[in-house]
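These notes are about the structure you will find just below.
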Amino acid sequence: FTIHPTMDGSISARVHLNNNRNLSEVQMQVTDLDGRPLGDLFTADIEKLADQVFIEGKVNGVLPWSPEFPHLYKVVLSVKDKKDLVHQVEDRIGFRTVELKPQDGFYVNGVKIRFKGVNRHSAWPTSGRTTSKELSILDVQLMKEMNMNAVRMSHYPPDKHFLEVCDSLGLFVMNELAGWQGYYDTQVGRKLVKELVVRDVNH
């Protein structure tokens, strides 16, 4: 699913369905990080044999996400047939409005942003390319202590736990594929781009 939460509490999701035979409804519930529901349960009917469904709503009183105040919530999406729960997924989200203004700059929640950050490799002196969430926390905390608000993945996507830590501690991420020596308009390249977007779109 692709989620789009904005700073005013509006939230929409495009849910991609697989092997849809008799699915009837998708439900979306926003909660706090402890699982307490916030606002209404939103629902949308699923058309017969549809491969995706769009659902939207608005949650009042949520706090926006920013690097200074990285407020996070959970969204739970449930797919049902006429009587039973068939499948359920959840993810952590931040409510923020992002806008790129031509000839001006990048705005988040109406505030112009100047990116200050570093490149990062997924590596550690004693473990090489093997990292962990604990190491991700150490790296992000170090960047935050240096008053940075952004990090560039040079030159490949990071472990998912690194993106989760950036979400929770407040860092903008420039995600990246290793493309400086070639192009992505190839059969393999298109697959790589798709997999990167599908995996990381909600961060």
query = Assuming R0 = 22 Å, what is the FRET efficiency of D91 and L138, from their Cβ-Cβ distance, to the nearest 0.05?
reply = 0.35
key: Helix axis angle, 187-200 relative to the chain longest principal axis, alpha carbon, degrees   = 80 degrees
Centre separation in Å (Cα based) which lies between region 147-188 and region 1-42 = 26 Å
task = Rounding to the nearest 20 debye, state how big the charge dipole of region 2-158 is about its Cα centre with +1 on each Lys and Arg Cβ and -1 on each Asp and Glu Cβ.
result = 460 debye
ask   = Across region 16-30, in residue order, what do the Karplus-derived ³J(HN,Hα) couplings come to in whole Hz, using 6.51 cos²θ - 1.76 cosθ + 1.60 with θ = phi - 60° and x for Gly and Pro?
value = 8, 9, 10, 6, 6, 10, 10, 5, 10, 8, 10, 10, 10, 10, 8
remark   = Helix 160-169: inclination vs the chain longest Cα principal axis, degrees, rounded to 10, gives 90 degrees
ask   = Which lysines have a Cα less than 20 Å from the Cα of K116, not counting those fewer than 8 places away in the same chain?
value = K101, K144
task = First compute the accessible area of region 1-108 with a 1.4 Å probe, then give the percent of it belonging to carbon and sulfur atoms.
result = 47 percent
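The values are calculated or read from the model by the stated rules, or taken from the named source; none is laboratory data. Owing to the predicted nature of the structure, the values given are computational and were not obtained by experimental measurement. Neighbour counts run over all protein chains shown; Cβ positions are idealised from the backbone, glycine included. Areas reflect the complete protein model, heavy atoms only, side chains present, ligands, DNA and RNA absent. Shrake-Rupley method; radii C 1.70, N 1.55, O 1.52, S 1.80 Å.
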